[in-house]
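The values are calculated or read from the model by the stated rules, or taken from the named source; none is laboratory data. Remember, predicted model here, so these are calculated numbers, not experimental data. Note that each Cβ is placed from the backbone with ideal geometry, even for glycine, and that neighbours are counted across all protein chains shown.
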Amino acid sequence: MDIYAQVQQSVIGLTVTPSDAIHHYGCAAGSLAEDAILLVTQLYEKPDIEYARQNLRVEGIGEDLFLSFFGMYVLEPQIFEFLAGNIDRNFRERGEFQLTSCLDELRQSQGMTGYIVKGRCFDTGLPAVYRQTLIDFPLS
């Protein structure tokens, strides 16, 4: 919320993700404006490593590391118009309605900022990681 108050546009939470896991996540690219602030220029859902290496590199992030988003958002209300439009047109990608496409439409129409969240990310969408989360989280 503090970043949104500062930039006055939609903000997505980002985490640094190694290349071997990037195919599980949506990925953001852009340029670092400050230490943890990214001016987002592209969003892409679950890229393969070749696409990520060619198109989603962020200067200042380590070699073969990428910025993925993980469900932490502060979004302008227009996101609901984009989602409704996809539902009305029955527009699906990979058989599903995708938030990422709508996030990219929002980025194109209003701009978007990414914030690299410091801390540990628990991906409860992957069964093995969810199990480890249940083990690790009480210890955090």
Take the residues in region 70-98 that are at pLDDT 95 or above and touching a strand residue (DSSP E or B) at 6+ places or on another chain (Cβ under 6 Å); name whichever of them is farthest from Pro18 (Cα to Cα).
Val74
Region 99-140, subset β-branched (Val, Ile, Thr) and assigned to a helix (DSSP H, G or I), residue farthest from His23 (Cα to Cα):
Ile135
Looking at region 102-140, which of the residues that are among the small types (Gly, Ala, Ser) and more than 17 Å from Phe70 (Cβ to Cβ) is surrounded by the most Cβ atoms within 10 Å (Cβ to Cβ)?
Gly111
Test of understanding: among Ser31, Ser68, Ser101, which residue is hydroxyl-bearing (Ser, Thr, Tyr), in contact (Cβ under 8 Å) with a residue 12 or more places away in the chain and more than 26 Å from Asp2 (Cβ to Cβ)?
Ser101
Considering every residue within region 21-38, establish whether at least one is in a strand (DSSP E or B) and of a type in the set (S, T, N, Q).
yes
Taking region 1-20 as the search range and keeping residues that are closer than 19 Å to Asp48 by Cβ and part of a helix (DSSP H, G or I), which one is farthest from the chain's Cα centre (by Cα)?
Asp20
Can you tell me how many residues in region 87-98 are assigned to a helix (DSSP H, G or I) and either in contact with a Phe, Trp or Tyr (Cβ under 9 Å, 6 or more places away or on another chain) or surrounded by 13 or more Cβ atoms within 10 Å (Cβ to Cβ) (or both)?
1
Restricting to region 43-78, what's the tally of residues that are closer than 19 Å to Glu93 by Cβ, surrounded by 13 or more Cβ atoms within 10 Å (Cβ to Cβ) and of a type in the set (S, T, N, Q)?
1
Which one of the conditions (1) within 29 Å of Gly62 (Cα to Cα); (2) without any contact (Cβ under 8 Å) to a residue 24 or more places away in the chain does Gly95 fail to meet, given that it meets all the rest?
(1)
